[in-house]
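Right, one structure below, let's go through it.
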Amino acid sequence: MTNSTQSKQTLIVSGLIAAALLVLAIIYYSPIWWVSLTAPNYPEDAFPDGVRIQFHMNGVFNGCKKIENVEIVEDEALDCVHEMDTINHYVGMYPIAAGGPVERAYSQFLIAFLAVMLLGFVITNSKLRTTVLGVGFAAIFIWMYLTIYGDDGIALENSGFIFAMVNSLDQDASDKDAGAGDLDAGAALIARMKKSLEASGIEVKTSEDEKSETNSSDKQRLLESIRITFEKGQQNQDPSLREEWNGSGYQVMAWHYGKSLGRYFNNQEEIVPMVRTLKLAINIVFIGLSAAMLFLLIATRRTGGLFYWLLILVPLALPVFFVIEYAGWLWWFGHNLNQMGAFTVKPFMPTVFGQGKVAQFSTHSYPDIGFLLMLVFSILLSAAALVRRRQLKESGAL
């Protein structure tokens, strides 16, 4: 094979991977899947899409939009995440925020992990590839450690994750078409929380100028609301169980998970073991992801070797991983019903894809733009893998 042909193939692989990385970044900020409930008591005029929620990689967000017509006037859209939680709790189903807490928290690291893997796949020089993977994985490890275990590490999480975390605990919140990066809705949420805190006798500064502040300031207000809610809750704890605020992702995730589980079914005998399991899962995922990075750093030194192909095959399978994860959590929700629910139903498997029926509600579950982009992402990576395989075969590396 001539050098010009090899260079051309390398350029094609690089172009395909660059396009895939761009798509991957868009995926993270896009709704992956949507679910809605429709019923006679939710008329189409008021709920054209039913009670709808959207799953992102970093959280679950409102899928309902503000209705404006002659008969219906809304100041802001109904928060359908809370509406669906209210509906579900009657049959003993835990709040939506109880699903995938570790996956959502680690999502930003997983995306960065996949991106570094793809950069490593592009590079054919083994020494350069090892250097790039080493630097990339080291940066992810440090970022991950500081976020999960460092003081105030929760601040290193992305804004969408923080917004979804705060919003899920505000049971009376209304969402203005909140998305993964919609901090205008976050500012509205903070305003409501401040009003509630002031009614409790806690002094909180307010200003009409908040609407013009930066996204960073919006995120800081959300983080401050988490700290205030945490510390206020500790005042009601048994003194032996009280915990000083350190703001680590580990602390906040565990606290938030327990608070989410107890929103409707505050049975601490059930909640405490579940929180203990979550803490274990946080540590296991941290160790597992760290071990995976170390393994790839060592095992992918030979271009064209068996483990080298993991650098592209693992990211390529992203849509499969998502569907398995999504279906697994639906199974968990349907098979872990709390006995404190108003109605007793047999364990069931919620609809993963298509339409289903639960009592008087019709359920709808379909992929959104983010999942379609995942398929595009996989197609781009498949093409890159085929070109690279041909390149290595013609050069005798395979």
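Here are a few things to note about the model shown:
- Of the residues in segment 61-72, at least one is at pLDDT below 90, buried (at least 22 other Cβ atoms within 10 Å of the Cβ), in contact with a Cys (Cβ under 9 Å, 6 or more places away or on another chain) and more than 21 Å from residue 26 (Cβ to Cβ).
- Extreme residue, nearest to residue 29 (Cα to Cα), among residues of segment 347-398 that are of a type in the set (Ser, Thr, Tyr) and not in a helix (DSSP H, G or I): 366
- Within segment 230-263, the set of residues being of a type outside the set (A, V, I, L, M, F, W, C), part of a helix (DSSP H, G or I) and surrounded by 18 or more Cβ atoms within 10 Å (Cβ to Cβ) comprises 249, 250, 251, 256, 257, 258, 259, 260.
- The lone exception for residue 83 - which of (1) surrounded by fewer than 22 Cβ atoms within 10 Å (Cβ to Cβ); (2) touching a Phe, Trp or Tyr at 6+ places or on another chain (Cβ under 6 Å) it fails: (2)
- Any chance residue 138 is at pLDDT below 95, assigned to a helix (DSSP H, G or I), over 24 Å from residue 377 (Cα atoms) and among the small types (Gly, Ala, Ser): no
- Filter pass, residue 344 being within 23 Å of residue 263 (Cβ to Cβ), in a strand (DSSP E or B), touching a residue at least 40 places away in the same chain (Cβ under 8 Å) and not basic (Lys, Arg): no
- Condition broken by residue 305, with the remaining ones in (1) over 23 Å from the mean Cα position of the chain (by Cα); (2) of a type outside the set (Lys, Arg); (3) at positive phi satisfied: (3)
- Scanning segment 1-37 for residues that are modelled with pLDDT of 90 or more, crowded, with 17+ Cβ neighbours inside 10 Å and either on the phi > 0 side of the Ramachandran plot or not aliphatic (A, V, I, L, M) (or both) gives 28, 30, 31, 33, 34, 36.
- Options 146, 118, 110, 128; residue that is more than 30 Å from residue 334 (Cα to Cα) and in contact (Cβ under 8 Å) with a residue 40 or more places away in the chain: 118
- Residues being buried (at least 18 other Cβ atoms within 10 Å of the Cβ) and of a type in the set (Gly, Ala, Ser) - total across segment 116-149: 2
- Qualifying position, being surrounded by 14 or more Cβ atoms within 10 Å (Cβ to Cβ) and without any contact (Cβ under 8 Å) to a residue 24 or more places away in the chain, among 334, 305: 305
- The set of residues in segment 379-396 being over 27 Å from the mean Cα position of the chain (by Cα) and free of Cβ contacts under 8 Å to residues at least 24 places away in the same chain consists of 386, 389, 393, 396.
The values are calculated or read from the model by the stated rules, or taken from the named source; none is laboratory data. Because the structure is predicted, anything quoted here is derived from the model rather than measured. All Cβ positions, even for glycine, are placed from backbone atoms using ideal geometry, and neighbour counts span all protein chains on display.
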